[in-house]
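Read through the structure below, which is laid out as structure tokens, and then see the notes.
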Amino acid sequence: MKKLLSLISLTILLYACSAVQTQKDIRYYAVDFRPYTEKGFLFTPEMYEGQYESIGMLSTVIFPGVKEVPTKKSFSGITMGYDRIYANEVIDSMYVKAVSMGADAFVRFEIKPAEKWNGDLLVQGIEVVGFAIKRKK
């Protein structure tokens, strides 16, 4: 019995002290504003220094849809998951809304993660906030 306990203890100790190896993980996150700039629209995290007409504060949040995903990991064989959304989708939505209100610029632009609970699942979304203006020429 002592040998069995010693073997189990040694196994646990070796397992707990083993090094975890991972590969290098490099991720780039970028948003290309050139398509909007080509249409004369400005996105900037700064305040516009020229003269402008205030249009309004805007906030857009997009959460992906939640769906059942078959899996062998859960007891029932089904788990909940969601599709991935991308920053460009939220920015495109904000651009359309700002233009429909008469804006040609979106200043104090900020993009940040958003979360909401859907039952037991924490759903990750993306929020864009800022100030829509019409620049005076």
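The values are calculated or read from the model by the stated rules, or taken from the named source; none is laboratory data. Remember, predicted model here, so these are calculated numbers, not experimental data. Every residue, glycine among them, receives a Cβ derived from its backbone with ideal geometry; neighbour counts consider all protein chains shown.
Quick rundown of the values:
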{"read-out": "Pair list, Cβ under 7 Å, 6 or more apart: the stretch 31-58 residue assigned to a loop (DSSP other than H, G, I, E, B), other residue hydroxyl-bearing (S, T, Y) and at pLDDT 95 or above", "value": "F41/Y95"}
{"read-out": "Search result, residues across the stretch 57-86 that are of a type in the set (A, V, I, L, M) and at pLDDT below 80", "value": "V66, V69, I78, M80"}
{"read-out": "Filter result (surrounded by 14 or more Cβ atoms within 10 Å (Cβ to Cβ), acidic (D, E) and not in a strand (DSSP E or B)) within the stretch 90-129", "value": "D92, D104"}
{"read-out": "Members of the stretch 92-135 found to be touching an Asp or Glu at 6+ places or on another chain (Cβ under 7 Å), farther than 14 Å from S59 by Cα, at pLDDT below 95 and not hydrophobic (A, V, I, L, M, F, W, C), listed by number", "value": "Q124"}
{"read-out": "Conditions (1) part of a strand (DSSP E or B); (2) surrounded by fewer than 15 Cβ atoms within 10 Å (Cβ to Cβ); number of the one not met by I26", "value": "(1)"}
{"read-out": "Residue list for the stretch 29-44, restricted to those being under 15 Å from I111 (Cβ atoms) and loosely packed, with under 11 Cβ neighbours inside 10 Å", "value": "Y29, A30, D32"}
